[in-house]
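What follows is a short report on a single structure.
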Amino acid sequence: MMRDEWGDMLITGWNRADWISQPSRTGDRIGKLIGAPAGTVVVGDTLSIKVYQALASALEINPDRKIILSDTGNFPTDLYMTQGLIESLDKGYELKLCAPEAVADFLNEDVAVLLLTEVDYKTGRLHDMKTLTAKAHEKGILTIWDLAHSAGALPVDLSAADVDFAVGCTYKYLNSGPGGPAFIYLAARLVDQARPALSGWLGHNQPFAFDLDYRPGPGIERMRVGTPPIIQLAALEASLDIWDLVDINDVREKSRELSDLFIELVESSCPDLKLASPRDSRQRGSQVSFQFQQGYAVMQALIEQGLIGDFRAPDIMRFGFTPLYIDAEDVQTAASIIEDVMVNRLWDNAEYFVQSPVT
Ligand SMILES: Cc1ncc(COP(=O)(O)O)c(C=O)c1O
């Protein structure tokens, strides 16, 4: 892409290589992994932006209610974007947070929108998307599901769950690389009612008419904003080529086997590490987290040994399982590195306590 398209075609690539429709093309391909029909997913921007767009549109579709319900397990940017939107709208909206286990109890006629991340970024705990969406709909609540830790990690069926809006990123299990664009899904039954809050030119009905007034584009196209990241989209397409070759149900099964094995091995050799993820693999995404007070230092020691996970404050060590390229032997190697670091206290070294900007 960089050599033949960008290198030779320069800006003619927008037409000759059809870069302009890449956001919808890749959206349709992601749609296959998340149970979304063609024409309901579009790619672009970052996930924070897509959260904002989904929420702004959802609130307008459900205009008489003032509560946005989320949970304390949600990723902070979803909450921050909500807080920012509430302030900008200045219409008395309120963000209410409950415990993840209590969401169903907080669904009532005051709630306009339920905004949840399906898989908890820290613990991997999985919400029951279908049941919660149905319960929300019974009370007239619109749903927005953040699939950052779901897309490519486990089967998702947005159509079957009758979800209203969904958003997600492509740089985790979809492997588009750091800064890869996000995606947004909007149920076809709602699309005509959804006014895009970020009414950029590429979401316009006729971007190249250069009208002075905004008119939303057809269908999900209206959720586009500005120029898409073509090189990053090419990386995403290369990854989606691999996804075309596998069945997400097989990936899920393998992920459950690998993560169960990991838990068994780590718990048997490192009693000081406390499992922070659900023990039942059906109730977690494709990650396993362990708690340990000096988790940051332990993770730095593991990284030094070639086992790369990350740390989420205050004490969570997070390990991701991507069966496309991780197998049982890798899990055994990982567990023995953890055993070595824990049993021999290799983490207890001043340099591992120096916090980097990204943990
Ligand atoms: C659940 C969830 N939502 C949103 C984000 C942030 O999205 P972005 O940085 O692409 O705006 C993340 C990042 O990891 C996330 O895990």
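The values are calculated or read from the model by the stated rules, or taken from the named source; none is laboratory data. Just so it is clear, the model here is predicted, and its values are computed rather than measured. Quick reminder, even Gly has a Cβ in these numbers, built from the backbone with ideal geometry, and neighbours come from all protein chains shown. SASA here: full protein model, heavy atoms, side chains in, ligands and nucleic acids out. Shrake-Rupley method; radii C 1.70, N 1.55, O 1.52, S 1.80 Å.
Listing for the model above:
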read-out: Single unsatisfied condition, GLY140 versus (1) under 25 Å from TYR171 (Cβ atoms); (2) part of a loop (DSSP other than H, G, I, E, B); value: (1)
read-out: Criterion (in contact with a helix residue (DSSP H, G or I) (Cβ under 8 Å, 6 or more places away or on another chain), closer than 25 Å to HIS127 by Cβ and either open to solvent by 60 Å² or more (accessible area, probe 1.4 Å) or part of a helix (DSSP H, G or I) (or both)) met by exactly one of ARG252, ARG282; value: ARG282
read-out: Residue within segment 55-70 that is within 16 Å of the ligand (Cβ to nearest atom), in contact with a Cys (Cβ under 7 Å, 6 or more places away or on another chain) and more than 13 Å from GLY168 (Cα to Cα) present; value: no
read-out: Condition met for LEU10 (out of contact with any strand residue (DSSP E or B) (no Cβ under 7 Å at 6 or more places or on another chain), among the aliphatic types (A, V, I, L, M), more than 30 Å from GLU109 (Cα to Cα) and in contact (Cβ under 8 Å) with a residue 24 or more places away in the chain); value: no
read-out: Count of segment 96-113 residues which are in a helix (DSSP H, G or I) and within 13 Å of ALA136 (Cβ to Cβ); value: 4
read-out: Unique match (being assigned to a strand (DSSP E or B) and surrounded by 13 or more Cβ atoms within 10 Å (Cβ to Cβ)) among VAL298, VAL288, VAL331; value: VAL288
read-out: Cβ-Cβ under 7 Å pairs, at least 6 apart or on other chains, segment 335-356 side modelled with pLDDT of 95 or more, far side open to solvent by 90 Å² or more (accessible area, probe 1.4 Å); value: MET342/ASP272
read-out: Meets criteria (more than 16 Å from the ligand (Cβ to nearest atom), of a type in the set (Asp, Glu) and within 22 Å of LEU202 (Cα to Cα)) for GLU87; value: no
read-out: Matching option when the condition is crowded, with 22+ Cβ neighbours inside 10 Å, of a type outside the set (S, T, N, Q) and modelled with pLDDT of 95 or more, among LEU95, LEU115; value: LEU115
read-out: Some residue of segment 128-144 being in contact with a Gly (Cβ under 9 Å, 6 or more places away or on another chain) and of a type outside the set (D, E, K, R); value: no
read-out: Hits in segment 34-54 - residues which are away from the ligand (no atom under 11 Å from the Cβ) and either under 12 Å from the mean Cα position of the chain (by Cα) or without any contact (Cβ under 8 Å) to a residue 12 or more places away in the chain (or both); value: ILE34, ALA38
read-out: Residues within segment 145-162 that are surrounded by 24 or more Cβ atoms within 10 Å (Cβ to Cβ), more than 11 Å from the ligand (Cβ to nearest atom) and either aromatic (Phe, Trp, Tyr) or on the phi > 0 side of the Ramachandran plot (or both), tallied; value: 1
read-out: Residue check, LYS274 more than 19 Å from HIS149 (Cβ to Cβ), at pLDDT 95 or above, open to solvent by 40 Å² or more (accessible area, probe 1.4 Å) and not small (Gly, Ala, Ser); value: yes
read-out: Filter result for the condition that a residue is crowded, with 19+ Cβ neighbours inside 10 Å and in contact (Cβ under 8 Å) with a residue 60 or more places away in the chain, over THR82, THR26; value: THR26
read-out: Among the residues listed as ILE184, ILE231, the single one being open to solvent by 20 Å² or more (accessible area, probe 1.4 Å) and either of a type in the set (Val, Ile, Thr) or assigned to a strand (DSSP E or B) (or both); value: ILE231
read-out: Single residue of segment 121-140 satisfying the filter (in contact (Cβ under 8 Å) with a residue 40 or more places away in the chain and farther than 18 Å from MET81 by Cβ) that is nearest to the ligand (Cβ to nearest atom); value: LYS122
